[in-house]
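Values in this text are rule-based calculations from the coordinates and carry no lab data. No experiment lies behind these values; they were computed from the predicted model shown. Counting neighbours? That spans all protein chains shown, and the Cβs are built from the backbone with ideal geometry, glycine included.
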Amino acid sequence: MSVRPLHYLGSPVLRERANEIGEVDEPLGQLVEDLLDTMKANDGIGLAANQIGATRRVAVVDVGDGAPVLLIDPKIVDRQGEVLGEEGCLSIPEIFGEVKRAETVVVETTTLENERVQVEADELKARAIQHEIDHLDGILFLDRLSPLKRQLLLRRWNKQRKGKRGHIQEEVPAATRE
Ligand code: CO
C-alpha cells in the first residue's frame, strides 16, 4: 500500500486514453490499493489510474456510502436524466465548475475476481463514476464547461501554479487508510 504523487493538469498522462485490462492479474490489486490510498490521503471521492501516472483502465470511487466502487474496464450501459452539479478534481485542486451529467447510470465493470458485474448509481456516486471514466478517456471536467468558463478557470489555475515547476504533486500527503 502506498500513497503515490498526483499528476496535475499539464501532465500528458492525463490526456492519454488508458489501456484495457482484459484479464485481471495480481499486480492490478496493488494498483487498486494505491488508488484507494492516494484518494483517501487527498480527501478525494474518486481517482483514476492516469492521475497517478498509470495508463490502465482502472479507477476507484468512494462517496462514503459503504464499499468503494472499483472500476476496471468500466462501461456505462445505461444512463437516465440529466443534472447540473459542481465538480472538482484532485488533478486540478481548488478549481471547481458546474458540469452536466446523467442523473443515474448503470456501469458494467470487472471485479478483482475477474467477473463482469453491473453497478447502479445515482446522485454523487453517479457523477463521480462518470468523472472517473472520463479520466480513462483523457477527458477532464474542464472540457465539459463553456469555453468562457474554461478560460476563466484555466487563468485561475495558472496563477495558482505560478512559480511551481512540473505537473506532479510536490508534497505527497501521509496515508490515512489503515
Ligand atoms: Co478528476
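Our analysis of region 76-178 gives Rg over Rh at 1.03, with the two radii drawn from alpha carbon positions and Rh computed by the Kirkwood formula. With a point put 7 Å past each Cα toward its Cβ, work out how far L154 is from Q30 in nm, to one decimal. Going from the L154 label point to the Q30 one covers 3.8 nm. Among K125/K149; K75/K162; K40/K75; K125/K164; K75/K159, which pairs are too far apart, with a Cα-Cα distance over 28 Å? Too far apart for the 28 Å limit: K75/K162; K125/K164; K75/K159. Region 129-158 and region 1-61 have Cα centres spaced 18 Å apart. Within the shell defined by Cβ-Cβ distances under 12 Å, the residues around V83 carry a net charge of -3, with Lys and Arg each +1 and Asp and Glu each -1. With N as its number of residues, the chain has a Cα radius of gyration that, divided by 2.2 N^0.38 Å, comes to 0.99. The fraction of all Cα pairs in region 15-106 landing in successive 5 Å bins from 0 to the largest distance is 3, 11, 20, 23, 23, 14, 4, 1, given as whole percents.
Restricting region 7-101 to trypsin sites (Lys or Arg not before Pro) that sit in a DSSP loop and have at most 15 other Cβ atoms within 10 Å of their own Cβ leaves R17. Distance between the 7 Å Cα→Cβ label points at E108 and K164: 3.9 nm. The trypsin sites (Lys or Arg not before Pro) of region 104-178 meeting both criteria, a DSSP state outside H, G, I, E and B (loop) and at most 15 other C-beta atoms within 10 angstrom of the site's C-beta, are K162, K164, R165, R177.
For region 126-178, what class follows from the C-alpha gyration tensor (a ≥ b ≥ c being the square roots of its eigenvalues): rounded when a/c is under 1.5, otherwise prolate if a/b is larger than b/c, else oblate? Oblate, since a/c reaches 1.5 and b/c is not below a/b. For region 12-104, GluC sites (Glu not before Pro) meeting the loop criterion (DSSP other than H, G, I, E, B) and having at most 12 other Cβ atoms within 10 Å: E20, E23, E82, E94.
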